[in-house]
Amino acid sequence: MNVRPLLLALAFASFTATTLHAQEARTPPAPDCLDARDVQQVEQNTPGAIAVADSQGRAFRIEFTTACPGVNEADTLRLEAPRGWACGQPGERVVVDGRSCPVSTVTLIDARSFATIARESSRQYAATLPGVTVTAKGRGRRSSDARHTFQTSSAVCFATRNVRGWSESPEGVVVETNPRRNGGHRYYHVELASSCSILAGSTDVEFQSGLQNGLICGNPRDRIVMVPSAIEGDGRSHTPGFARPGCDILAVYPKDDSRGP
């Protein structure tokens, strides 16, 4: 994944002043509303919309009434929503470097869709967000809201050094990682570009990063390859990684829960 060191300040504004107790106890007006205080990643692959992820592992697509380009490159980004909830209702908007972009709809999307948008965002703008600084504006601001930095690549990638195991699945492969090192995600779906004969009866495979940065994200040349044989005299043991039998990786995204395959 192409990642540049961009810090994006998101200020979450509420049109209704509430007490600290009320903010802590509040409930969403509808099940599929986005908590504007809990945004941890923002991606844009089309001028008409953005995709955001929260700390609960949920992802949303926010569509604008008119095109609103430049989110990935923005220095300041502010989501404004009544009472701090974005539901696609009148009065909601995203302010991008001072430009106001009214929101038309907010839709819950799955992890695969979010990962697809994030990859395309990276390819178009070379600007997925490695860290997001979040500040809150308004009365009763909690001290913990003052400044946070979040790692975001775990929503669409896993690190090869943290792989614990793997198994075949209908989509391709399920990879188990160290959740402490991958943003709390333990299992990832890995979709392959085609059927992969090396998986049949194989116990030892490894993942190769196409960008040679140790991350598997579904980027070009990301592959799952056969581990060289340890049998003495087997010429394949000296085969370089790029020439080993393997399969191209098409997509990577976390499973919806922490349970095994």
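I'm trying to understand the selection: among the residues of region 151-173, which are surrounded by 18 or more Cβ atoms within 10 Å (Cβ to Cβ) and in contact with a Phe, Trp or Tyr (Cβ under 7 Å, 6 or more places away or on another chain)? Those that are surrounded by 18 or more Cβ atoms within 10 Å (Cβ to Cβ) and in contact with a Phe, Trp or Tyr (Cβ under 7 Å, 6 or more places away or on another chain): Ala155, Val156, Phe158, Val163, Val173.
Against the definition (open to solvent by less than 10 Å² (accessible area, probe 1.4 Å), farther than 24 Å from Pro28 by Cβ and either at pLDDT below 95 or out of contact with any helix residue (DSSP H, G or I) (no Cβ under 7 Å at 6 or more places or on another chain) (or both)), how does Ala67 come out, yes or no? Walk me through it before giving the result.
Details: open to solvent by less than 10 Å² (accessible area, probe 1.4 Å): no; farther than 24 Å from Pro28 by Cβ: yes; either at pLDDT below 95 or out of contact with any helix residue (DSSP H, G or I) (no Cβ under 7 Å at 6 or more places or on another chain) (or both): yes.
Criteria not met by Ala67.
Residues that are assigned to a loop (DSSP other than H, G, I, E, B) and under 25 Å from Cys157 (Cβ atoms) within region 48-68 comprise Ser55, Gln56, Gly57, Arg58, listed in sequence order.
State yes or no: is Ala81 open to solvent by less than 40 Å² (accessible area, probe 1.4 Å), of a type in the set (Gly, Ala, Ser) and at pLDDT below 90? I'd like the intermediate steps shown before the answer.
On the way: open to solvent by less than 40 Å² (accessible area, probe 1.4 Å): yes; of a type in the set (Gly, Ala, Ser): yes; at pLDDT below 90: no.
So Ala81 fails the test.
Right, Thr27: of a type in the set (S, T, N, Q), assigned to a loop (DSSP other than H, G, I, E, B) and modelled with pLDDT of 85 or more or not? Don't jump to the end; show me each part of the working.
Values: of a type in the set (S, T, N, Q): yes; assigned to a loop (DSSP other than H, G, I, E, B): yes; modelled with pLDDT of 85 or more: yes.
Yes, satisfied.
For region 184-193, a residue qualifies if it is within 17 Å of the chain's Cα centre (by Cα), open to solvent by less than 60 Å² (accessible area, probe 1.4 Å) and either closer than 21 Å to Leu211 by Cβ or at pLDDT 90 or above (or both), and the qualifying residues are His185, Tyr187, Tyr188, His189, Val190, Glu191. Of all the criteria given as (1) assigned to a loop (DSSP other than H, G, I, E, B); (2) in contact with a Ser or Thr (Cβ under 7 Å, 6 or more places away or on another chain), the one not satisfied by Arg83 is (1). Residue pairs whose Cβ atoms lie under 8 Å apart, sitting 6 or more positions apart in sequence or on different chains, and linking a residue in region 163-192 that is within 16 Å of Ile249 (Cβ to Cβ) to a partner that is acidic (Asp, Glu) and not in a strand (DSSP E or B), are His189/Glu171; Val190/Glu171; Glu191/Glu171.
The values are calculated or read from the model by the stated rules, or taken from the named source; none is laboratory data. Since the structure is predicted, the reported quantities are computational estimates derived from the model, not experimental observations. Glycine also receives a Cβ, built like all others from the backbone with ideal geometry; neighbour counts cover every protein chain displayed. The protein model used for the area step is the full one, side chains on, heavy atoms only, and it has no ligands, DNA or RNA in it. Shrake-Rupley method; radii C 1.70, N 1.55, O 1.52, S 1.80 Å.
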